[in-house]
Ligand SMILES: Nc1ncnc2c1ncn2[C@@H]1O[C@H](COP(=O)(O)OP(=O)(O)OP(=O)(O)O)[C@@H](O)[C@H]1O
Ligand SMILES: [Mg+2]
């Protein structure tokens, strides 16, 4: 059993989540079954598992957008009740506001938290610069490529120093090369302030390149099947992660776990 420790940024203590679905005539569907884990301060943890195993549900519980049916989800030892505005959440959809320029989209999280104008401008410029989007500040989302929109949505969340950041398949729809470029940028940004990251992905290479630990979920209902520590030293280069010692064995073990869950 996981005890919430002082350094635990997020913890799940025997969490169950059932949804009542209208299509099942009110019969509850168990999405999460007895999920227990913790993510320590500054740790990068990936959640992997078959579609429908409850990964997004886990992130929604931390963000307080949903409540457990049983058990407790805590943020720094305090149970999450109601919307948890202290965590940053990057959803699969980039959610940029179409009527705001890139700069004003990035500024949004600082604006909502009442950061003074001068500091807001300075931080926004710094982060836009970090991901090479300078020159595009005044473009609107529809004038940006998919990769640029993803960069904008990531810096919009990271520009405000949340100590916990949730990322739900943030690079999902991108081509393979852009994904790796963004993984490298994400690691660079993460090293600056080392937030705790809970990262959902279907891409096992991506999970290895980024994570300290990988939690593999079972198919419906979602339970933690296995937990892997990624011992590859940091800083890591996602472009060369295949060559890292231990990569091939870890990738094979993760695939074997997932294959067993999807029954192939
Ligand atoms: N609001 C809801 N109402 C009813 N059922 C839901 C709801 N949200 C999720 N579920 C169910 O809970 C289970 C887990 O869903 P969840 O979205 O967390 O899966 P996931 O692991 O993120 O899948 P994917 O990889 O496809 O994004 C699924 O069976 C889904 O149908
Ligand atoms: Mg999901």
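Readers should treat all values here as calculations from the given coordinates under stated rules, not as data from a laboratory. Not measured: the values here are computed from a predicted model. Cβ: placed from backbone, ideal geometry, glycine included. Neighbour counts: every protein chain shown.
In terms of its Cα atoms, region 174-264 spans 38, 27, 27 Å along the principal axes, sorted from long to short. Within the chain, antiparallel bridges make up roughly 55 percent of the DSSP beta bridges whose residues both belong there. Given R0 = 25 Å, the distance between the Cβ atoms of residue 99 and residue 76 translates into a calculated FRET efficiency of 0.10.
Tell me, 33, 107 in order of fewest to most beta-carbon neighbours within 10 Å? Before the final figure, lay out each step's value.
Details: 33 18, 107 23.
Final ranking by Cβ density, sparse to dense: 33, 107.
Computed per residue of the chain from DSSP H runs no shorter than four, each worth -39500 (n - 2.57), the mean residue ellipticity at 222 nm is -10500 deg cm²/dmol. Separation of region 205-264 and region 46-103, taken as the distance between their Cα centroids, equals 22 angstrom. The overall shape of region 145-187 is prolate: from the C-alpha gyration tensor, with semi-axes ordered a ≥ b ≥ c, the ratio a/c is 1.5 or greater and a/b exceeds b/c. Residues 81, 75, arranged from fewest to most other Cβ atoms within 10 angstrom of their Cβ, appear as 81, 75. For the chain, averaging the sequence separation of C-alpha pairs within contact (under 8 Å, six or more residues apart) and dividing by the residue count gives a relative contact order of 25 percent. Once the Cα-Cα distance is subtracted from the 0.36 nm per residue extended length, the residue 111 to residue 83 segment shows a gain of 8.2 nm. Were the residues from residue 239 through residue 177 laid out at 0.36 nm apart, the gain over their Cα-Cα distance would be 21.4 nm.
Normalised by 2.2 N^0.38 Å, where N is the number of residues, the alpha-carbon radius of gyration of region 36-85 equals 1.15. Arranged from fewest to most other beta-carbon atoms within 10 Å of their beta carbon, 203, 231 become 231, 203.
Radius of gyration over Kirkwood radius for region 94-161, both on Cα atoms: the Rg/Rh ratio is 0.92. In region 220-264, one over the average inverse separation of all distinct C-alpha pairs is 12.2 Å, which is the Kirkwood hydrodynamic radius. Here each label is just a point 7 Å from Cα along the line to Cβ, and for residue 126 and residue 213 those points are 3.0 nm apart.
Average projected area of the Cα convex hull of the chain, in nm²?
Quarter of the Cα hull surface area: 15.2 nm².
Between residue 259 and residue 143, full extension at 0.36 nm per residue minus the direct alpha carbon distance yields a gain of 37.8 nm.
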